[in-house]
1. Taking loop as defined by DSSP and a crowding limit of 12 other beta carbons within 10 Å, which trypsin sites (Lys or Arg not before Pro) in segment C:104-179 fit?
2. Just which residues of segment C:71-98 lose 30 Å² or more accessible area with every protein chain there, against their chain alone, with the probe set to 1.4 Å?
3. To the nearest 20 debye, what is the magnitude of the charge dipole of segment B:288-374 about its Cα centre, counting +1 on the Cβ of each Lys and Arg and -1 on the Cβ of each Asp and Glu?
4. Helix by helix through chain A, keep the DSSP H runs that span 24 Å or more along the axis on Cα and average at least 1.0 on Kyte-Doolittle, and give those back in order.
5. Would you pull out the residues with amide H under 5 Å of B:Arg115's amide H, same chain only if 5 or more places away, H placed 1.01 Å from N?
6. Just check segment B:51-357 against the gyration tensor rule for me: Cα atoms, a ≥ b ≥ c as the square roots of the eigenvalues, rounded for a/c under 1.5, and otherwise prolate or oblate depending on whether a/b exceeds b/c.
7. Which residues, if any, in segment A:4-25 lose at least 10 square angstrom of accessible heavy-atom surface (probe 1.4 Å) when the other protein chains sit next to their chain rather than the chain being alone?
8. On a full-extension model of 0.36 nm per residue, what is the gain between A:Phe73 and A:Lys250, subtracting their alpha-carbon distance, rounded to one decimal in nm?
Amino acid sequence: MRHLLDFSGWDRARVAALFKTARAMKEVLSRPIKTVPTLKGRTVATVFFEPSTRTKTSFELAAKRLSADVVSFSGSSSSLKKGESIRDTLLTLAAYGVDAFVIRADAAGVPHQAARWLDAAVINAGDGRRAHPTQALLDAFTLEEALGDLEGRKIAIVGDILHSRVARSNAELLGLLGAEVWLAGPPPLLPRRPFFGARLTARLEEALKDADAVMALRIQKERLSGGRLPSEEDYRDGYQITEDRLALAKPGAPLLHPGPLNRDVEIEGTLADGPRSLVLRQVENGQAVRMAVLYHLLARRAA
Amino acid sequence: MSLLIRNARLVDARGERGVADVLVADGRIASLAGGEAERSIEAGGRLLLPAFLDLHAHLRTPGEEQKESLETGLRAAAAGGFAAVVMMPNTRPPLDAPEAVRGVLRRARAAGGARALAAAALTKGQEGRALAELRLLAEAGAVLFTDDGRTNEDAGVLADGLRYAAALGRPVAVHAEDAGLRGEGVVHECPLTEALGLPGNPAEAESARIARDLEVLRMTEGHLHLQHLSTKSGVRLVAEAKRRGRRVSAEATPHHLTLTVDALKTLDPLYKVAPPLREAADREALIEALAEGVVDVVATDHAPHTAAEKAADFLRAPFGIPSLEVAFPLLFTELVEKRGVPLGRLVEAMARAPRRLLGLEGGVLEEGAPADLVLVDPRERRAVDPAGFFSKAKYSPWAGWELLGWPVLTLVGGEVVHARLG
Amino acid sequence: MRFKARVMEAPEIARALSRIAHEILEATQGGRDLALVGIHTRGIPLAGRLAERIERFEGRRPMLGQLDITLYRDDLTELEHAPVVRETVIPFDVAGKRIVLVDDVLFTGRTARAGLDALTDLGRPARVYLAILVDRGHRELPICPDFVGKNLPTSRKEVVKVKLAETDGEDAVELWERP
């Protein structure tokens, strides 16, 4: 594995190997001293052309836990448009001797372009609607902790499916792990064509019925009013995950959310903090999984 | 000056015409049976065709000469075997005023290479709201009207434009795409691109708009020309309209005839084009439509941008594929050699049909016809090398493709505008 | 790789481990605050066997842990692929303990160095010892074992293979030679 762009070319063995490393990283994170010297002397650049404090923090902390040096760049693609290009930015950073680029962009394919331009490892931290592989890995890791083997498990993903890289990457990875993925949302926020073998439905009940786990997606506020949807109330009425609706899933089915949460929009407020919520576990696992990804890409001879 | 082209295999829209010595004098084909000339060229059995006319090219002048200039664009056209190019009016500012059309045509005459023809905007500023000065634009030299690059959302304005243009003997060319259905789409909408997370532009955006425009056409006496047809359903609508005798014509581009949405797997904005690359079934329908004449014309939609612009991310990179220099060898190799499309049919679609559509003579090999000629080598196999392009756009989706049929000599009105004879 | 000789058989290994167990008890005044930490892979069964013996001799079972030193290796940038990271399980607080690091072979000393670093990241032990089944020499770091099963002079081209019933189906120490 030279880059982590998406899951093309992945098999279950590779996922299992990564998760094994992630479990070792979790043990490291449980220690009083949460740092290991593994990537001493390596440099990781987080390059975020679209703001995301959470993912950026998670990656930077993961890199620091492994003793890598971290440089970070933030700037919107639109401000870049005026002068410097994405390519210029990346090549400039590369000149500092960066070993891995963690890239977030609002356009699909930027990490793939970067991988063509750079010699360093490239990790996709979310590209447009396309993919967010580390999020999917941490979700699958968290689901495996909660449910065991995901083969044959029904996972319902609810919300703005159309614009969601999390939905796409989860459909791809959970499908690879044998889960049956259902994607539910209001019709204007559902893609017109299916992807990665996941099932699409506008009927929330159909997706939730006997689900082994439920994942609510973050919904952009601007899409709720005047955009693709009539109103926030309209969304809540149809698609908010409530106690009653969660009761359609299997007893005790866990609830996930990639964060940040719009409280009382995607999920009824009390549920988000309830015993079935794995939201904080996801954050914790996210760090371990990202450490594992950095380890697999960088704890070896440079390419 | 006179020129004798010896031992050329003649091919035009009527097919293979045998080996002949062609005498060119005073800008015309003087004889197909040899004769005395000041200069002579040994064709060595290469193919002599009527040089092509491109109904659809973006030469970016005025205003965006960093992407292409008249000099580079017309030189590229000559290298591609084109005798003439219709320049699209979506320049900066758009060609919507008679003095602007005169200006660009005057500059083009001094640029060398292929001959330039101008398309003018159908509406002021290409905004689709108020008709441009079509009569004055025609007098200034505009050969067709189009708001290409934009979509004609107001059907009433289009209806008026078709009627007015008909009175002037000019076609109206449309970029048929429903802007609402296209939405923010940048690629063909299908399961592949949905998985790639690229906003989709459905085939129905094209077919729905073609259906509307064909209904609008029924209300007028006009000639509707559909640019860059890309969908199977669009082809079906055009075929049916033609069966009913409507005055409609259609073009297809080299990229829609040779590439499909599968190329998007690379996520390379090199393949970002409007309308988008479609599915294999659409490509097959286009090839069949070209072979049968439902698609009348091959037009390049040569749309150059700077390398830096094309290296932007997929959402921000501009739409467009440059193809003037590869169009003929590409289609000769991929359609004629590999798919059995008759060479005569390709020559028809690239040379005679576009001229007829504009009411121009030529596009045939006969005594007295204008000496717009191209000599191509059907045997020399050469890889596409964008670094060697005359166009400023030195990139290509076909880079590295091994092609036959490269033009080695292009004549415009009897004058050599391109020569790379060994 | 060419097989050269078997240098230890099962009974010899058993005797060496019993001797080491006695030495550990002697050094730690009967094994107070004693913990044995095996280094992956073969240090772990060896630590287990030492713990059994100590319990048999003294009636008190020492604490046991297992340590993976992969994250502390100094040669990661020279490898083709990132090596597998295995579980570290230290079910006790290392602070104040007398800890015996256990491994099968002592060679350059780099693994022992990594083990020390890994261990001290977990806390501050009172004392750390190093127990080794085979010391084959060629140290590259100033590391000296406290308890040794067998000193085996070797050449650099030679490879020492420790086989244990738990991991390899039999107990033996073999000497091989690289071409």
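The values are calculated or read from the model by the stated rules, or taken from the named source; none is laboratory data. Quick caveat: nothing in here was measured; it's all calculated off a predicted structure. Positions of Cβ are backbone-derived with ideal geometry, glycine not excepted, and every protein chain shown enters the neighbour counts. Protein only, heavy atoms only, side chains kept; ligands, DNA and RNA dropped before computing areas. Shrake-Rupley method; radii C 1.70, N 1.55, O 1.52, S 1.80 Å.
1. The qualifying sites are C:Arg156, C:Lys157.
2. C:Leu71, C:Tyr72, C:Leu76, C:Thr77, C:Glu80, C:Ala82, C:Val85, C:Thr88
3. 180 debye
4. Flagged H segments: there are none.
5. B:Ala84, B:Val85
6. rounded
7. A:Lys20, A:Thr21, A:Ala24, A:Met25
8. Extra length from A:Phe73 to A:Lys250 when fully extended: 59.4 nm.
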